[in-house]
Structures are given as structure tokens and as C-alpha cells.
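A short worksheet on the structure shown next.
The values are calculated or read from the model by the stated rules, or taken from the named source; none is laboratory data. All figures in this text were calculated on a predicted structure; none of them were measured in a lab. Cβ: placed from backbone, ideal geometry, glycine included. Neighbour counts: every protein chain shown.
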Amino acid sequence: MSYVEEIYERVTLQNPGEPEFHQAAKEVLDSLKLVIDANEEKYRSAGLLERFVEPERIISFRVPWMDDQGKVHVNKGYRVQFNSSIGPYKGGLRFHPSVNQSVLKFLGFEQVLKNSLTGLPMGGGKGGSNFDPKGKSDAEVMRFCQSFMTELYRHVGANVDVPAGDIGVGGREVGYLFGQYKRITGLYEGVLTGKGLTFGGSLARTEATGYGLVYMLEEMLKHHGKELEGKTVLVSGSGNVAIYAAQKAQSLGAKVVAMSDSNGYVYDKDGIKLDIMKEIKEVRRGRVKDYADQVPGAVYTEGKGIWTIPCDIALPCATQNELNLEDAKTLKSNGCFAVAEGANMPSTREATDFFVENGILFMPGKAANAGGVAVSGLEQSQNSLRLSWTFEEVDGRLKGIMADIYAKAADAAERYGVKGNYVAGANIAGFEKVATAMMSQGIV
Ligand code: NDP
Ligand code: 2IT
């Protein structure tokens, strides 16, 4: 049995009941086979892969809070501190009923490689809760965030672990979490990113993941003699990543004809009017169905199915495993030629393999959505410098970082004889830096 096969078997045996983590680990390990085979002796003797697939630490805690009626609820809270070889832990917090240890380990594992690709000094972590912010009042969300931070504060810090947003955690939640951290510790420091602009947040962090995704898409298209202008695009989801991906795609001349949420999807043949979608989602915290109620000619369909709409380019920006093999085949037969992942692991393994094997230009999440954490890294820099850069300065750096990630993934793929396979390229390039750092730091 090869070293990577041995490690994958170990992952499944030692982490039972964690299918998302197994899935993420398998995809990465499969990509790394060539690299590992070339260095097997060295890596084996250092137990490198055994350490690479094991989080440095998982913190798991109780989060009690009281709703507006005085009823007590108890949620689960977690922080997975996966790997700190290249910098303090960094990664988002997710509040969603589906959150469990498996989901956060897959996200933390992906984050290690993603953060490495950005070129910034950030280790990988992820956290969150099975709390559902949907339908909760601001006061309930505040009490929940305060309770969550009352435990988390002892494990984080500007030079220790720096959380940020993810699904269900945006500016409102980061604000409440920051306020409680400051109150408990007395420290006014960059312990979180995605903060409000009046208390240390960076311009362009809100837009960064979606904008970065489209910068990456453009870069990939350009290298294959194609362009975004005039193309029909599907964007799944309608949260932070989806909205700003759609906005940047439209500003560059593409037509985004559909968006979705967990209830259904809306199709607008004239192109989604983002001012209306943003008002519904960011101000009213409404549903995409409200868009069809408001815009004549827009059609709302309940359920999954956004991938059945004919398009040139698909940008999955909602959640893991939202695009399966059947969806991938439908996209291809409808003429889709490029897919870039705004979400983390939105394509199943079968769908990913189908894209790669069938000549679809495919950029995996850890490369394509790295713009969010990259600008988080720039927010950390600005906090350390006690400065704030202009929107143009941050956006310009973001664009440069996305182009650099493209180049790293393309180069690694080519070096290992799989030119154009950005899944392998991103995994290998991300791993190389982490592995080198781990090897240099001894058995820790
Ligand atoms: P938001 O909470 O802002 O939006 C999430 C969107 O996805 C909503 O439209 C939501 O619909 C939909 N969604 C969530 N869960 C499900 C589900 N189980 N089934 C169907 N739809 C679902 O989150 P973000 O936009 O921040 O995150 C979206 C994705 O991007 C995630 O995979 C996240 O990990 C990834 N990501 C986020 C980054 C960031 O900076 N925010 C950075 C890099 C990656 P509904 O409202 O119905 O729940
Ligand atoms: O998945 C991700 O990269 C994020 N949710 C952003 C993490 C961050 O620290 O900005």
C-alpha cells in the first residue's frame, strides 16, 4: 500500500462518521500521490502525512443562550485549529444547523491549503455552531454571539487564531463577537476579520470572495483564449459570496441569469437586477422567491435545479456538495465550458472528476475562493500597521493575489504532468509550502 493510501485508510478508520472530512482528505491525498511518491522516504520518516491530516487541536464547547421569550437553548460550539505551520490559525466561523465536527474538519483542512496558496502567513482553522441565525431577532443573535465568544475568547487572539465570517456569519455577527472579545479581554486587537469599517475592518473585505472568484475566473479564461464578456452565468446561493460574484461578473459584461437559496432558484432571462437582490438579501434578510414576486418576468422554482438552466459558466457559491455528477453532465450538455467554485467543495468528487476529465475549465474552491481569506490577511496587516488602505489599494492587491494563485496552480499541475488540472495543481502548490514549513520545524 502506498503512503497516501495508508493515510487515507487511517483517516477513515480513526475518524468514523465524518464523511465530509473523508471526502476532502481523499481528494487532496489523491492529488498529492505524485509529490509524496517522489519524497516518500523523507516524509514517512517524519510522519508528515499523519500530522498533516490530524488537526493540532479541536475545541468543543457548550453555548447556552436565552431567546426573546425567556426560553433557554443550548447549541454546540467548535473551533478546529488545524495547522499553524505557516502562521497563526485563520479561517471562518459558520453558523448553520448542519454544522458538526466533520464539516468543520473538512473546512479547516481545506483552509490550510487555501491560506498557503494566498502567499500570506496564515495557518488554517475553522469553527462555528449548529445555531441557525435564520428567523432570530438581532437581540437573540447578539446574545448567542456573546455566549459563543465567552468561551472562545481564551483560544483566539490576533497572533493566535483569527476567525472571520462564513455561512451565517457576516458583519452583524462579527461585530457582536468583537465587542464581547474586547469586553472580556480588554484588548482592542485584530482578533477577527470582516469587522465593520469603523472598528478596524478592511475596505473590500465584503466584496473580496466574490470579486476574487471572478478575477480568478477571468485569469483562467484568458489563459485559454476565452473571455467573460457576453457570457451567460449561473450563480448558486445568494449570500455574501454569490452577491459579489454576480456583481463583479455583471460589471465585466457577463449576464447572470439565475441565483438561489436553500428553498429554490430564480431565473431572470434579462439578467438578475442586483440592487433588488441585495435589498432583499442584505437589508430585509428575505428569500430569492421575493425577487420573482417583485420583478416582472422573473420565474421562481422551488427546490434544487439551478444547474438545469443553460449557461456558459457556472459559479457554485452556496455550500458543499450542491453540484453532483448528474448536474455536471447537464451543465456540459447545455454548453457550459467553465466552472469556478465560490463555495468550499460545492462539487461532489464525481462531479469534480467529470469536469476535469471532460475538458471543462474547472477551478476548485481552495484556489477560486481564496480572495476572501486573502483580504482577511490584508485586514490583519492593516490592523498591525494601524492603517487603513483605500478600496483601490486592497482590490488591486486582491487581483494580484488571485493571478498569483492561478500561476501557482497552473505551474504545479504542469510540473507534475497534469497540465490544466487545477484541482491537482492547487492541492500540490498549497501542500508544498506547508510541507516545507512542517519539515523545517521538527516533529511538532
Ligand atoms: P452566506 O450565509 O452569506 O450565504 C450562504 C448562501 O448559500 C445562502 O444563499 C444560503 O441559502 C445558501 N445555502 C447555505 N447552506 C445551504 C444548504 N445547505 N443548501 C442550499 N443552500 C444553502 O454564506 P457565504 O456566502 O459567506 O458562504 C457561501 C459559501 O462560500 C460557503 O461554502 C462558504 O464556506 C464559502 N466561502 C465563504 C467565504 C466568505 O468570505 N464569506 C470565503 C470563502 C468561501 P439560505 O439563505 O436559504 O440558507
Ligand atoms: O472559507 C473561507 O475562506 C472563509 N470563510 C473566509 C475565512 C477568513 O478568515 O476570511
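For this structure, a couple of remarks:
- The residues listed here are Lys278, Lys332, Lys289; of these, the one that is assigned to a helix (DSSP H, G or I), surrounded by fewer than 19 Cβ atoms within 10 Å (Cβ to Cβ), at pLDDT 95 or above and within 21 Å of the chain's Cα centre (by Cα) is Lys278.
- Which numbered condition Phe199 fails, given (1) without any contact (Cβ under 8 Å) to a residue 40 or more places away in the chain; (2) crowded, with 21+ Cβ neighbours inside 10 Å; (3) aromatic (Phe, Trp, Tyr): (2)
- Selection of segment 390-410 for residues being more than 15 Å from Leu217 (Cα to Cα) and of a type in the set (A, V, I, L, M, F, W, C) yields Phe391, Val394.
- Here Arg154, Arg172 are screened, and the one residue that is over 16 Å from the mean Cα position of the chain (by Cα), surrounded by fewer than 20 Cβ atoms within 10 Å (Cβ to Cβ) and without any contact (Cβ under 8 Å) to a residue 12 or more places away in the chain is Arg154.
- Residues of segment 188-208 satisfying the condition of being among the hydroxyl-bearing types (Ser, Thr, Tyr) and more than 14 Å from ligand 2 (Cβ to nearest atom): Tyr188, Thr198
- Checking each residue in segment 405-417 for being touching a residue at least 40 places away in the same chain (Cβ under 8 Å) and surrounded by 17 or more Cβ atoms within 10 Å (Cβ to Cβ) picks out Ile405, Tyr406, Lys408, Ala409, Ala410, Tyr416.
- Within segment 357-388, tally of residues that are assigned to a loop (DSSP other than H, G, I, E, B) and either closer than 15 Å to Thr193 by Cα or within 15 Å of ligand 1 (Cβ to nearest atom) (or both): 5
- Per-region count, segment 234-256, residues away from ligand 1 (no atom under 16 Å from the Cβ) and either crowded, with 20+ Cβ neighbours inside 10 Å or not in a helix (DSSP H, G or I) (or both): 4
- Enumeration of residues in segment 176-187 that are within 15 Å of ligand 2 (Cβ to nearest atom) and either surrounded by fewer than 19 Cβ atoms within 10 Å (Cβ to Cβ) or not aromatic (Phe, Trp, Tyr) (or both): Leu177
- Members of segment 335-356 that are assigned to a helix (DSSP H, G or I) and free of Cβ contacts under 8 Å to residues at least 60 places away in the same chain: Glu350, Ala351, Asp353, Phe354, Phe355
- Candidate set from segment 99-120 (those that are without any contact (Cβ under 8 Å) to a residue 60 or more places away in the chain and not aliphatic (A, V, I, L, M)); member that is nearest to Ala407 (Cα to Cα): Gly108
- Top-ranked residue in segment 382-402 [being exposed (fewer than 15 other Cβ atoms within 10 Å of the Cβ) and of a type in the set (A, V, I, L, M); ranked as farthest from Arg205 (Cα to Cα)]: Leu385
- Hits in segment 412-428 - residues which are of a type in the set (D, E, K, R) and in contact with a helix residue (DSSP H, G or I) (Cβ under 7 Å, 6 or more places away or on another chain): Lys419
- Restricting segment 306-329 to residues that are more than 12 Å from ligand 1 (Cβ to nearest atom) and among the small types (Gly, Ala, Ser) leaves a set whose member that is surrounded by the fewest Cβ atoms within 10 Å (Cβ to Cβ) is Ala328.
- Subset of segment 343-366 (residues that are buried (at least 23 other Cβ atoms within 10 Å of the Cβ) and at positive phi): Met345
- In segment 367-384, the residues that are at negative phi reach residues that are among the hydroxyl-bearing types (Ser, Thr, Tyr) and assigned to a helix (DSSP H, G or I) with C-beta atoms within less than 6 angstrom, at least six apart or across chains, in these pairs: Asn369/Thr209; Ala370/Thr118; Gly371/Thr209; Gly372/Thr209; Ala374/Thr118.
- Sole exception among (1) part of a helix (DSSP H, G or I); (2) out of contact with any helix residue (DSSP H, G or I) (no Cβ under 6 Å at 6 or more places or on another chain) for Tyr176, by number: (2)
- Considering only residues in segment 151-168 that are assigned to a loop (DSSP other than H, G, I, E, B) and closer than 15 Å to Asn344 by Cα, the one that is nearest to ligand 2 (Cβ to nearest atom) turns out to be Gly165.
- Counting only strands (runs of 3 or more DSSP E) wholly contained in segment 13-112, the ones carrying 2 or more residues that are more than 16 Å from ligand 2 (Cβ to nearest atom) and either of a type in the set (S, T, N, Q) or surrounded by fewer than 16 Cβ atoms within 10 Å (Cβ to Cβ) (or both) occupy 57-66, 72-83.
- Tally of residues being of a type outside the set (Gly, Ala, Ser) and more than 15 Å from the chain's Cα centre (by Cα) across segment 90-128: 5
- Positions within segment 85-140 being of a type in the set (D, E, K, R), within 12 Å of ligand 1 (Cβ to nearest atom) and over 23 Å from Tyr176 (Cβ atoms), in sequence order: Glu110, Lys114
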